[in-house]
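Derivation of every value follows stated rules applied to the coordinates shown; laboratory data play no part. Everything numeric here is computed off the predicted structure, so don't read it as measured data. Backbone-built Cβ (ideal geometry, glycine too); neighbour counts: all protein chains shown.
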Amino acid sequence: MSDPIPLILSGDADSQLWPLSRDLIPKQFLKLTGECSPLQEAAVRLGHPPVVVCNAEHRFIVAEQLREIGVEPLAVVVEPVGRGTAPAAAVAALMLAGHAPDALMLLMPSDHMISDAAAFRCAVETATPLARSGYMVAFGIAPTGPNTDYGYIRIGKPLPNGHAVDHFIEKPGLAAAMDYLASGEYCWNSGIFLLPVALFLTELETHAPGMAGACRDAMADGRSDQTFVRLGDHAFTGIKRQSIDTAVMEHSDKVAVVQVDMGWSDIGSWSKLWRKSPHDTDGNVVLGDTLTRGSSGCYLRSDRQLLTAIGLKDLVVVVTDDAVLVADKAHDHEVTALVDGMKRQARPEASQGARGWRPWGWFQTIEEGERFKVKQIHVEPGAKLSLQKHWHRSEHWVVVKGTALVTRGDATFVLRENESTFIPATTLHRLENPGKVPLLLIEVQSGEYVGEDDIVRMDDLYGRAAE
């Protein structure tokens, strides 16, 4: 029989790690503690091509991050809206059931950290016979304290290679969490599950009737383009939002648990990230261009200018291109409320960063003022932007690195490093990278309006109507 197939769920975004994590670039895509993002770590954890489920805004980041580590996914499924983990798992199970009905599906959230990948793989090997014998297997984490941020599992009778699940508990209050810890009968619910595809679909039909059918309709109404499987908007939007726990796991009598010590964390706050990151001799996490003196227990990170810290204790200080966060670690749970307030004020910093991701690469705004904007543009090898024009702005392009193939009106020509060109307003144009290294250029926009929506596409490789 085949090995378990990884299913990576990357649908939702959160603001717990703002200003690094935003709606358009959430924490699963950030390189928080090493050279790879949590999504990338999940993609290589089992050594098997994954199925990834993500939302439409993140599809190009997913594709680029997988390309960066040389992973060819089985599929990237694009949800028009987030509907929770149950519909996402249902869509993936229906896809796999069509060609591998006996498959096992290893469901993993994309934003979790696992520091001991060998222990995780060993746990999956332990759980596989249990799953093949007719159980959906949860992976439990031995609690290290009365944590109220996690769901709990009460451990039931012994089974070969694991235990039956007595029942699931949603995030408890502190008193209940302390009782669970003292009893020794509970573990944290990691949100990672090994699921026999056929059994999961059967249990889904039993406990969440109609969801599988709605997911089938969304697949039938969808389409495939490039590396993406895009679900039908109307059918999928009509599905009730629900987690896999509340839809299936909490109601089924065919659920088992395998406990594992694998250095697991959901990176749900700056304090958790501080605990998971390497420290200096004063207990500080220091990243980027940062100097500290007489400070201890801090998370200090600058992704831009020099950050200096003197005499600080137990603070989080994070500097990005467009925002700064200063918070006491004891109050880092209030970051989400802070961001919600910014959203009510319609502040763009709440949802988007300085860098915008596109299927051809990315751009980053360096400076913006009245009637002008300066951007850094990064185009991947072999990629090209749409054939387009702008009504209200002209553009000056200067190649910094690589080779650019430029279409300007009826002319096509090549620009190399330190060469430039001018694109007048209303002129049809296109930028391509014909080389084998990334193309980096500086774009200076000028005109009466320099918004991102001033664009008319005549031809686009990626089927987009607007940037």
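Annotations
- Separation between Cα centres of the range 162-182 and the range 298-334, rounded to whole Å: 34 Å
- Over the chain, volume per residue of the alpha carbon convex hull, in Å³: 164 Å³
- Derived scalar couplings between HN and Hα for the range 27-43 equal 4, 5, 9, 9, 8, 7, 10, x, 7, 10, 7, x, 4, 5, 4, 5, 5 Hz in order, rounded to whole Hz, by the Karplus curve 6.51 cos²θ - 1.76 cosθ + 1.60 (θ = phi - 60°), x for Gly and Pro.
- Helix 59-68 axis, angle to the chain major axis (alpha carbon atoms, nearest 10°): 90 degrees
- Cα-based radius of gyration for the range 355-459, normalised by 2.2 N^0.38 Å, reads 0.98.
- The calculated FRET efficiency for residue 392 paired with residue 289, based on their beta-carbon distance and R0 = 45 Å, is about 0.75.
- Around the Cα centre of the chain, unit charges on the Cβ atoms of Lys, Arg, Asp and Glu (plus for the first two, minus for the last two) sum to a dipole of about 380 debye.
- Put in line by how crowded their Cβ is, counting other Cβ atoms within 10 Å and starting with the fewest, 443, 125, 419 read 125, 419, 443.
- Only lysine pairs 8 or more places apart, or on different chains, with alpha-carbon atoms under 27 angstrom apart are counted in the range 224-340, and they number 6.
- Where chymotrypsin sites (Phe, Trp or Tyr not before Pro) fall in DSSP loop in the range 295-402, at most 15 other Cβ within 10 Å: 391
- Over all directions, the projected convex hull of the C-alpha atoms in the range 1-79 averages 5.3 nm² in area.
- Angle in degrees between helix 117-132 and the longest Cα principal axis of the chain, rounded to the nearest 10: 60 degrees
- Amide H to amide H distances under 5 Å link residue 328 with 316, where only residues 5 or more positions off or on other chains count and H is placed in the peptide plane.
- Translational diffusion of the range 163-318, µm² s⁻¹ [Kirkwood Rh, Cα pairs; Stokes-Einstein; 4 °C; 1.567 mPa s]: 64 µm²/s
- Taking θ as phi - 60° and the Karplus parameters 6.51, -1.76 and 1.60, the scalar couplings of the range 454-460 work out to 7, 8, 10, 8, 9, 7, 9 Hz in sequence order, x denoting glycine and proline.
- Separation between Cα centres of the range 82-161 and the range 209-244, rounded to whole Å: 22 Å
- Spacing of the two label points (7 Å from each Cα toward its C-beta) at residue 308 and residue 221, in nm: 5.9 nm
- For the range 277-398, the Kirkwood estimate of hydrodynamic radius, built from reciprocal distances between every pair of different alpha carbons, is 17.5 Å.
- Computed E for residue 99/residue 31 - FRET, C-beta separation, R0 30 angstrom, nearest 0.05: 0.30
- Cα-based radius of gyration for the range 394-450, normalised by 2.2 N^0.38 Å, reads 1.10.
- In the chain, taking the dipole from charged Cβ atoms about the Cα centre, the farthest positive-side position among 176, 193, 106 is held by 106.
- Enclosed volume per residue, in Å³, of the convex hull spanned by Cα atoms of the range 280-344: 75 Å³
- Integer Hz, Karplus 6.51/-1.76/1.60 couplings in order for the range 268-283, x for Gly and Pro: x, 6, 5, 5, 5, 5, 4, 5, 8, 9, x, 10, 8, 5, 9, x
- Largest-first principal axis extents of the Cα set of the range 5-265 (Å): 52, 41, 32
- Two-decimal Rg to Rh for the range 326-390 - Kirkwood Rh, Cα set: 1.13
- Taking amide H as placed 1.01 Å from N in the peptide plane, residue 417 has its amide H under 5 Å from the amide H of 402, each at least 5 places away in sequence or on another chain.
- Sequence-separation-based contact order of the chain, relative, with Cα cut under 8 Å and 6+ spacing, percent: 14 percent
- The range 280-344: relative contact order as a whole-number percent, Cα under 8 Å and 6+ apart: 22 percent
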